[in-house]
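First comes the structure, then the notes that go with it.
The values are calculated or read from the model by the stated rules, or taken from the named source; none is laboratory data. Everything numeric here is computed off the predicted structure, so don't read it as measured data. Ideal geometry is used to build each Cβ from the backbone, glycine not excepted, and the neighbour counts take in all protein chains shown. Just the protein is used for accessible areas: all its heavy atoms, side chains included, with ligands, DNA and RNA removed. Shrake-Rupley method; radii C 1.70, N 1.55, O 1.52, S 1.80 Å.
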Amino acid sequence: MDFVQSTFSKEEPSDAHLQWSRSVCPYCGVGCGLLIGQEKNQILKIKGDPQHPANLGMICAKGGTLGEMMKAPGRAEFPMMRTGAGETLARTSWDAALDHISEKIKSTVAAHGPDSFAFYISGQLLSEDYYVINKLAKGFLRTNNVDSNSRLCMASAVSGYTTSLGADAPPGSYADIELADCIFIIGANMAECHPVLYQRIRQHKLKNPRTRIIVVDPRRTLTCEIADLHLAILPGTDVALLNGLLRVLIENKQVDREFIARHTQGWGEMEREIMSEAPEIYANQSGVALADLLKAASWIGGAAKGFLSFWTMGLNQSIHGTANNNGVINLHLATGRISKPGSGPFSLTGQPNAMGGRETGGLSTLLPGQRRLGNAAHRAEMESLWGIPAGAIAPKAGYHAVELFDAVADGRVKVVWIIATNPVVSMPNLSRIREALAKAELVIVQDAYHPTETSRLAPVVLPAAQWAEREGTVTNSERRISLLKKTVEPFGEARPDWQIVRDVARRMGFEKDFDFQTSEDVFREYKASTKGTRLDISGLSYERLRMSPVQWPFPSEQAPASKRLYENLSFGHADGKAKFLFHPYRDAGDPVTPHYPLVLITGRIRDQWHTMTRTGKIRQLLASQSESFLEMNPEDMKACSVKPGEEVWVTSRRGSYKTKVRRQEGLNPGVVFSPMHWGALFGTANVNESTNPAFCPTSKQPEFKFSAVRVTPRSFGALRAPQDDEHD
Ligand SMILES: Nc1nc2c(c(=O)[nH]1)N[C@H]1C(S)=C(S)[C@@H](COP(=O)(O)OP(=O)(O)OC[C@H]3O[C@@H](n4cnc5c(=O)[nH]c(N)nc54)[C@H](O)[C@@H]3O)O[C@H]1N2
Ligand SMILES: Nc1nc2c(c(=O)[nH]1)N[C@H]1C(S)=C(S)[C@@H](COP(=O)(O)OP(=O)(O)OC[C@H]3O[C@@H](n4cnc5c(=O)[nH]c(N)nc54)[C@H](O)[C@@H]3O)O[C@H]1N2
Ligand code: SF4
Ligand SMILES: [Mo]
């Protein structure tokens with residue numbers, strides 16, 4: 001390769017024989033640029049790309065072990081099918097598998113209507129994959145049943161931005177980190193989940209010690225190491241805290257009344273509601289000391305340069321998900337700290353292409369270009385672009401994730417095609433998910449690995465090419481699009497996801513409309529569909545992206561994106577004004593009772609990725625934590641009569657999982673924590689046996705962060721999981 005290879009061969013002579021190329025990390029939404037060194041189709045070395053604006057050369061352990069990941073055992077090698085009940089999965093040809101799928105989808109849709117079929121997909125797909133899937137389902141099969149694991153992840157951010165600002169887009173850039181003097185991290189454990197951005201914040205703090213960092217998390221996480229103030233909030237009470245902060249800002253006269261008058265609506269009601277409670281009430285509801293609430297508000301209000309907020313699943317995965325998002329945005333609107341250097345509400349995306357999914361229409365309410373299914377003009381635009389009759393796109397939203405598996409369980413959806421996600425580990429209330437998959441007439445699982453907990457239940461398994469085995473685009477948390485290049489050949493018979501879907505579409509009679517030969521053909525059609533939208537990238541090409549990644553919008557080379565959206569302070573609502581949205585504090589809806597006295601929080605650890613299909617097979621990554629655990633405060637351990645290392649059942653109103661106790665002083669009494677990663681293939685029952693499928697009424701994102709549970713020692717003789725015997 002060009003510039004990169006020569007620089008690196010000079011710097012490190014031992015690497016000179018490798019062939020170097022640029023790539024992007026397939027794990028978290030930071031979207032780090034990588035340099036990969038390969039020889040004879042083997043990736044031997046990974047480095048951070050110093051020229052990529054997301055990471056400036058840094059990477060974390062997950063990115064650094066991608067070479068090992070490519071060699072991890074258990075890759076899906078060829079298509080497999082199970083022909084009858086009780087049969088095992090057996091190798092088949094691509095033609096036989098694709099013929100079978102297309103016939104079955106066609107006959108099911110003909111007999112039971114379009115909504116008897118559904119796609120359940122993933123923020124780990126490329127934008128090109130997303131586009132082809134959406135086109136087939138929403139344009140040609142005429143079902144809007146395309147939902148994604150992003151529903152479990154980013155849906156509340158989508159509805160938060162859309163309701164507050166009128167459009168779904170994080171307005172800021174990573175470069176705002178170095179410009180901020182107050183950074184508010186709420187419901188995010190950046191040290192473990194967005195490690196490179198955490199490093200950027202840490203370095204900024206080291207250079208500028210007066211930068212104030214506030215972390216809001218019920219747990220004392222690794223992220224708290226850089227915090228000047230940690231607010232150990234009670235789980236699920238963020239709305240109370242955010243309202244309390246606004247209350248104090250108003251009282252301290254630290255709101256920007258001129259900004260509010262010119263650029264927002266809804267302030268009158270907001271101020272009235274907020275002022276109706278005293279700061280003490282908000283502090284009590286959220287379980288933080290009044291002095292800490294006052295201190296946090298004075299730092300936010302007193303920021304001289306910039307006030308920047310980061311949040312992720314601690315706010316989104318809640319039955320109050322949208323309210324939580326509105327609550328953070330309210331603080332930025334009230335202080336006028338938005339779309340200015342160093343300032344803004346910045347929701348971090350989890351998966352590498354969660355943003356691309358939102359852009360290409362990857363939820364059951366969306367169409368490409370962030371169009372909305374409920375909007376007649378948006379449907380008409382896509383009907384014309386896709387060359388389908390007016391009225392062909394159904395106006396009604398498809399099933400969202402929780403509802404989708406319910407629909408499979410009760411027979412409304414008969415065929416479900418699951419791509420790049422492992423719902424038998426990652427969905428809440430797993431017994432319902434297994435019930436659904438057992439009931440379906442056909443489950444197709446398309447994954448880079450087999451077996452997974454989901455693929456082993458499916459009668460059809462299709463092998464997908466992953467990461468550097470295929471080409472396409474991804475968008476990171478700061479709206480930056482990178483081109484992922486194909487640098488090695490796919491494993492076995494694996495194929496790129498979009499190609500597999502294209503080939504099924506062609507078999508169903510849509511040859512002409514799915515005429516794509518390359519991923520670039522798909523990209524060209526997709527980018528044309530964004531013309532005139534807020535995320536217009538019609539000026540972008542693979543050729544341009546080979547030079548460097550770019551932020552959207554990018555309507556032309558002459559009009560590249562600026563670092564911040566809404567710089568003219570005209571927001572996405574029709575009148576250009578942002579909206580204040582007030583929500584009162586409400587409880588989490590899974591009552592804590594003497595039978596279920598503890599609150600279970602689930603989340604992530606630094607060296608594992610979700611359901612472990614990749615990271616669970618890499619020795620270096622298992623070194624820090626090799627098995628699942630339940631963190632408990634010493635007081636709760638005593639109350640439950642359990643010791644460190646002891647095996648316990650954790651039981652909620654939905655179900656139980658088994659794990660080992662770990663002592664954790666950094667947890668408030670009453671709160672316990674388990675990582676989400678370990679599942680049946682890694683030797684233990686998953687936390688999602690217990691989690692709550694209740695969801696936010698607006699975003700439909702389920703509650704993974706609050707389950708009332710009890711903890712019982714296994715030594716009490718219970719070999720089987722305890723039953724729900726609540727009488728209180
Ligand atoms: N190492 C690693 N990194 C990852 C991933 C991974 O699997 N492993 N996954 C990626 C993905 S898809 C995602 S979505 C992100 C998730 O990134 P994060 O959201 O940062 O990760 P989580 O651990 O799920 O949850 C974050 C924090 O929310 C806190 N929390 C729980 N309940 C509450 C509450 O009521 N209020 C507040 N304020 N906080 C609460 C938890 O204690 C936890 O520390 O990470 C991405 N990065
Ligand atoms: N309890 C609890 N549960 C949670 C969460 C939580 O915080 N707590 N978080 C939720 C969130 S935010 C998320 S994002 C989900 C994640 O949950 P999942 O999406 O189920 O997790 P992954 O393990 O990332 O699954 C991705 C799958 O895609 C496969 N794969 C990788 N690359 C490719 C590819 O290129 N093509 C194809 N076809 N397959 C590929 C992988 O092998 C893996 O099986 O979990 C959710 N579940
Ligand atoms: S921070 Fe995220 S994107 Fe960067 S190397 Fe680590 S996992 Fe990959
Ligand atoms: Mo996520």
**Request:** Name the residue, out of 529, 482, 519, that is touching a residue at least 12 places away in the same chain (Cβ under 8 Å) and more than 28 Å from residue 114 (Cα to Cα).
**Result:** 482
**Request:** Give 126, 89 a once-over and let me know the one that is among the hydrophobic types (A, V, I, L, M, F, W, C), under 28 Å from residue 407 (Cβ atoms), touching a strand residue (DSSP E or B) at 6+ places or on another chain (Cβ under 6 Å) and open to solvent by 10 Å² or more (accessible area, probe 1.4 Å).
**Result:** 89
**Request:** Give the stretch 686-705 a look and list any residue that's open to solvent by 40 Å² or more (accessible area, probe 1.4 Å) and over 20 Å from residue 400 (Cα atoms), or say none.
**Result:** none
**Prompt:** Considering the stretch 503-526 alone, what residues qualify as being part of a helix (DSSP H, G or I) and open to solvent by 40 Å² or more (accessible area, probe 1.4 Å)?
**Reply:** 506, 507, 512, 520, 521, 524, 525
**Request:** Would you mention how many residues in the stretch 635-653 are open to solvent by 70 Å² or more (accessible area, probe 1.4 Å) and within 33 Å of the chain's Cα centre (by Cα)?
**Result:** 1
**Item:** Hits in the stretch 446-460 - residues which are farther than 20 Å from residue 616 by Cα and either touching a Phe, Trp or Tyr at 6+ places or on another chain (Cβ under 9 Å) or part of a strand (DSSP E or B) (or both)
**Value:** 460
**Prompt:** Can you find even one residue in the stretch 403-411 that is at pLDDT 95 or above, away from ligand 3 (no atom under 16 Å from the Cβ) and touching a Leu at 6+ places or on another chain (Cβ under 6 Å)?
**Reply:** no
**Item:** Residue ID - farthest from residue 279 (Cα to Cα), chosen from residues in the stretch 186-223 that are free of Cβ contacts under 8 Å to residues at least 40 places away in the same chain and among the hydrophobic types (A, V, I, L, M, F, W, C)
**Value:** 206
**Request:** Working only within the stretch 605-649, note down all residues that are polar (S, T, N, Q), within 13 Å of ligand 1 (Cβ to nearest atom) and assigned to a helix (DSSP H, G or I).
**Result:** 615
**Asked** Which one is nearest to ligand 4 (Cβ to nearest atom) among residues in the stretch 179-234 that are farther than 26 Å from residue 610 by Cβ and among the β-branched types (Val, Ile, Thr)?
**Response** 183
**Residue match in the stretch 672-683 (condition: in a strand (DSSP E or B), in contact with a strand residue (DSSP E or B) (Cβ under 9 Å, 6 or more places away or on another chain) and surrounded by fewer than 17 Cβ atoms within 10 Å (Cβ to Cβ))** = no
**Complete:** residue 283 meets each of (1) over 19 Å from residue 309 (Cβ atoms); (2) touching a residue at least 60 places away in the same chain (Cβ under 8 Å); (3) crowded, with 17+ Cβ neighbours inside 10 Å with one exception, condition (2)
**Complete:** For the stretch 210-265 the number of residues that are more than 28 Å from the chain's Cα centre (by Cα) and not in a helix (DSSP H, G or I) is 9
**Message:** If I filter the stretch 569-583 for residues that are among the hydrophobic types (A, V, I, L, M, F, W, C), on the phi > 0 side of the Ramachandran plot and either in a loop (DSSP other than H, G, I, E, B) or within 15 Å of ligand 2 (Cβ to nearest atom) (or both), do I get at least one hit?
**Reply:** yes
**Message:** Whether any residue in the stretch 188-206 is away from ligand 3 (no atom under 16 Å from the Cβ) and buried (at least 21 other Cβ atoms within 10 Å of the Cβ) is what I want to check.
**Reply:** no
**Item:** Residue satisfying all of: in the stretch 555-570; under 19 Å from residue 170 (Cβ atoms) and hydroxyl-bearing (Ser, Thr, Tyr); least open to solvent (accessible area, probe 1.4 Å) among these
**Value:** 566
**Asked** With respect to residue 708, is the statement that it is part of a strand (DSSP E or B), open to solvent by 20 Å² or more (accessible area, probe 1.4 Å), of a type in the set (Gly, Ala, Ser) and at pLDDT 95 or above true?
**Response** no
**Prompt:** Can you name every residue in the stretch 327-342 that is of a type outside the set (Lys, Arg), buried (at least 24 other Cβ atoms within 10 Å of the Cβ) and within 11 Å of residue 256 (Cβ to Cβ)?
**Reply:** 332, 333, 334, 338
**Item:** Exclusive hit being open to solvent by 10 Å² or more (accessible area, probe 1.4 Å), among the aliphatic types (A, V, I, L, M) and farther than 26 Å from residue 477 by Cα, set 111, 137
**Value:** 111
**Item:** Residue list for the stretch 28-45, filter: within 11 Å of ligand 3 (Cβ to nearest atom) and among the small types (Gly, Ala, Ser)
**Value:** 29, 31, 33
**Message:** Given the criteria buried (at least 24 other Cβ atoms within 10 Å of the Cβ), in contact with a strand residue (DSSP E or B) (Cβ under 9 Å, 6 or more places away or on another chain) and over 25 Å from residue 614 (Cβ atoms), does residue 369 qualify?
**Reply:** no
**Complete:** Of the residues in the stretch 423-447, those that are in contact with a strand residue (DSSP E or B) (Cβ under 8 Å, 6 or more places away or on another chain), within 11 Å of ligand 2 (Cβ to nearest atom) and either open to solvent by 10 Å² or more (accessible area, probe 1.4 Å) or charged (D, E, K, R) (or both) number 2
